[in-house]
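Please read the structure below before turning to the comments.
The values are calculated or read from the model by the stated rules, or taken from the named source; none is laboratory data. If you're wondering where the values come from, they're calculated on a predicted model, not measured in any experiment. Methodologically, a virtual Cβ is constructed for each residue, glycine included, from the backbone with ideal geometry; neighbour enumeration extends over all protein chains shown.
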Amino acid sequence: MSPKLIVLILALLLGLQPVTTDLYLPALPAITQGFGAGMGQAQLTLTALLLAFGLSQLVWGPLSDRFGRRPILLWGMAAYTLASVACVFAPNMAWLIAGRALQGVAMGAGVMAARAVVRDLYAPAQGANVMSQALTGLGIIACVCAPLGGLLTDWLGWRVALLMLAVFGAGTLALLAWRFEETLAQPDLQALRARPLVKANWDILCHPVFQTWCALSAGSYLGLFTFLASSSFVFVSFMGYSKTAYGLLMLSMSLSYIVGTFWCRWMLRRTSVHRTVGIAACLTLTGGVSMAVLAYAGQGRDWYGAWAIMVPMYIFMLGHGVHQPCGQSGAVAPFPRRAGTASALNGFLMMLGAFFMGGWLGQHMDQPVFALAHGILLWSGVIATVAWTAVQRHGRPALSAVAKA
């Protein structure tokens, strides 16, 4: 496979997350109203998706180490497409929640395998660069998803918006079947045996390099998840923006993330990964603190508007464009023979955190602006702490070389 084809496939696989969430979010208030459901049930359509996504990776990872990446990807994308069709025809909220959970299970195969493929093909420092390119593609996909979801929901209804998930899944499946070649050089025949599998997961979980980069990528993702899970209620329900306008705000946020991934590659050509992450953490913390300060200062004031949320979020997303490629590639770097298992464990821990964060948000959405601001402040503090301490201490062994690619 050519390098451009690899980046394209990685972008589509990693893009499953924004497609499944960003395209869906503008439709969430309409779905909630249409089924007469409460905010708690609405949040469950996200948390069930993410919990299933995280748990499934613990199964997909060892399976891919044993049988290879290609069969797991083909089965996973076929299941994703079918689950998306089931969501389109959901007659009630319970059906939709179940369909979203099945989407999460299938999505786990694609995202887990994408991270493992990077480790199969590239050395750690080069992997961070390639992952950054793929996440730029993810950002472009995210730019399209939110406005498209808003437009389709406003013009044609939420079921048509959800149909686009099935279209994306079918297209990705066709490309994989046509062009993707196996990247696992040597399957691990012990990958599915209970005792070696438990030992492998324990060894990975106890590894300080894995803990460091997993904490960074998870904290950064949970900051983004906090925004995704609460922003539609903040802008559409609380501030009164149309779904299309909300989609455009999401597009602008994705653009700042894309700029962050380009800045990440520019920095990696000039300095080490751990220094790049440390500098990006300054932006992350600035975004979190400024959002909280503006939320309290603007309480009940006429001047408080969407800009007071979006400008700090732009700053946060610039840092996110650095933390995600470095964190995701760094977490699997020490485990070339168990890349699928390490990728799965990293993904599971991220989604486990999202599940609990989603539950917390569901209980605090009576004040959506403060729920959002407090969540971003929390995760920006976690990210900065990890970046300035653990990454500087443990992050160097895996990714200390300067990325030249």
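When you scan the range 123-157, how many residues do you find that are farther than 21 Å from residue 221 by Cβ and surrounded by fewer than 24 Cβ atoms within 10 Å (Cβ to Cβ)?
11
Please specify each residue of the range 1-53 satisfying the condition of being more than 16 Å from residue 358 (Cβ to Cβ) and acidic (Asp, Glu).
none
Being at pLDDT 80 or above, among the β-branched types (Val, Ile, Thr) and in contact with a Phe, Trp or Tyr (Cβ under 8 Å, 6 or more places away or on another chain) narrows it down to one of 259, 273, 311, 322, so name that one. Before the answer, list the steps.
Values: 259 fails: in contact with a Phe, Trp or Tyr (Cβ under 8 Å, 6 or more places away or on another chain); 273 fails: in contact with a Phe, Trp or Tyr (Cβ under 8 Å, 6 or more places away or on another chain); 311 fails: in contact with a Phe, Trp or Tyr (Cβ under 8 Å, 6 or more places away or on another chain).
Checking each option against the conditions leaves just 322.
Say we look at the range 51-78 and pick out the residues that are closer than 21 Å to residue 171 by Cα and in contact with a Leu (Cβ under 7 Å, 6 or more places away or on another chain); which of these is modelled with the lowest pLDDT?
Looking at residues that are closer than 21 Å to residue 171 by Cα and in contact with a Leu (Cβ under 7 Å, 6 or more places away or on another chain), I get 69.
Residues checked against (1) more than 15 Å from the chain's Cα centre (by Cα); (2) aromatic (Phe, Trp, Tyr); (3) farther than 15 Å from residue 248 by Cβ:
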residue: 127; (1), (2), (3): yes, no, yes
residue: 149; (1), (2), (3): yes, no, no
residue: 158; (1), (2), (3): yes, yes, yes
residue: 171; (1), (2), (3): yes, no, yes
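Out of everything in the range 44-76 that is touching a Gly at 6+ places or on another chain (Cβ under 6 Å) and aliphatic (A, V, I, L, M), what residue ends up being surrounded by the fewest Cβ atoms within 10 Å (Cβ to Cβ)?
So the residue we want is 52.
Quick check on my filter: what residues within the range 179-213 are touching a helix residue (DSSP H, G or I) at 6+ places or on another chain (Cβ under 6 Å), over 16 Å from residue 72 (Cβ atoms) and not in a helix (DSSP H, G or I)?
Within the range 179-213, 190 is the sole residue that qualifies.
I need every pair where a residue in the range 185-203 that is touching a residue at least 12 places away in the same chain (Cβ under 8 Å) and within 14 Å of residue 64 (Cα to Cα) has its Cβ under 9 Å from the Cβ of a residue that is acidic (Asp, Glu) and surrounded by 14 or more Cβ atoms within 10 Å (Cβ to Cβ), sequence separation at least 6 or different chains.
185/120; 187/65; 188/65; 191/65; 192/65
State which residue is nearest to residue 53 (Cα to Cα) when the search covers only the range 335-393 and only residues that are aromatic (Phe, Trp, Tyr) and without any contact (Cβ under 8 Å) to a residue 24 or more places away in the chain.
Looking at the filtered set, the residue picked out is 356.
Hey, can you tell me all the residues within the range 260-280 that are aliphatic (A, V, I, L, M), crowded, with 24+ Cβ neighbours inside 10 Å and under 16 Å from residue 380 (Cα atoms)? Explain how you work it out, then say what you get.
As a first pass, look at the range 260-280 and keep what is aliphatic (A, V, I, L, M): 267-268, 273, 277, 279-280.
Remaining after also requiring crowded, with 24+ Cβ neighbours inside 10 Å: 268, 273, 277, 280.
Answer for the range 260-280, where residues must be aliphatic (A, V, I, L, M), crowded, with 24+ Cβ neighbours inside 10 Å and under 16 Å from residue 380 (Cα atoms): 277, 280.
Please find, among 276, 244, 261, 271, the residue that is polar (S, T, N, Q), touching a residue at least 40 places away in the same chain (Cβ under 8 Å) and part of a loop (DSSP other than H, G, I, E, B). Please lay out each step first, then the result.
Values: 276 fails: part of a loop (DSSP other than H, G, I, E, B); 244 fails: part of a loop (DSSP other than H, G, I, E, B); 261 fails: part of a loop (DSSP other than H, G, I, E, B).
Unique residue meeting the criteria: 271.
Do we find a residue being of a type in the set (S, T, N, Q) and either crowded, with 17+ Cβ neighbours inside 10 Å or under 22 Å from the mean Cα position of the chain (by Cα) (or both) anywhere in the range 290-300?
Restricting attention to the range 290-300, the residues satisfying the condition of being of a type in the set (S, T, N, Q) are 290, 299.
Pick out the ones that are also either crowded, with 17+ Cβ neighbours inside 10 Å or under 22 Å from the mean Cα position of the chain (by Cα) (or both) and you get 290.
Looking through the range 290-300, at least one residue is of a type in the set (S, T, N, Q) and either crowded, with 17+ Cβ neighbours inside 10 Å or under 22 Å from the mean Cα position of the chain (by Cα) (or both).
Looking at the structure I just gave you, is residue 344 crowded, with 24+ Cβ neighbours inside 10 Å, of a type in the set (A, V, I, L, M, F, W, C), at pLDDT below 90 and within 18 Å of the chain's Cα centre (by Cα)?
yes
Here's the yes/no breakdown for (1) over 23 Å from residue 327 (Cβ atoms); (2) modelled with pLDDT under 90; (3) of a type in the set (A, V, I, L, M); (4) in a helix (DSSP H, G or I):
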{"site": "111", "(1), (2), (3), (4)": "no, yes, yes, yes"}
{"site": "115", "(1), (2), (3), (4)": "no, yes, no, yes"}
{"site": "118", "(1), (2), (3), (4)": "no, yes, yes, yes"}
{"site": "131", "(1), (2), (3), (4)": "no, yes, yes, yes"}
{"site": "139", "(1), (2), (3), (4)": "no, yes, no, yes"}
{"site": "147", "(1), (2), (3), (4)": "yes, yes, no, yes"}
{"site": "175", "(1), (2), (3), (4)": "yes, no, yes, yes"}
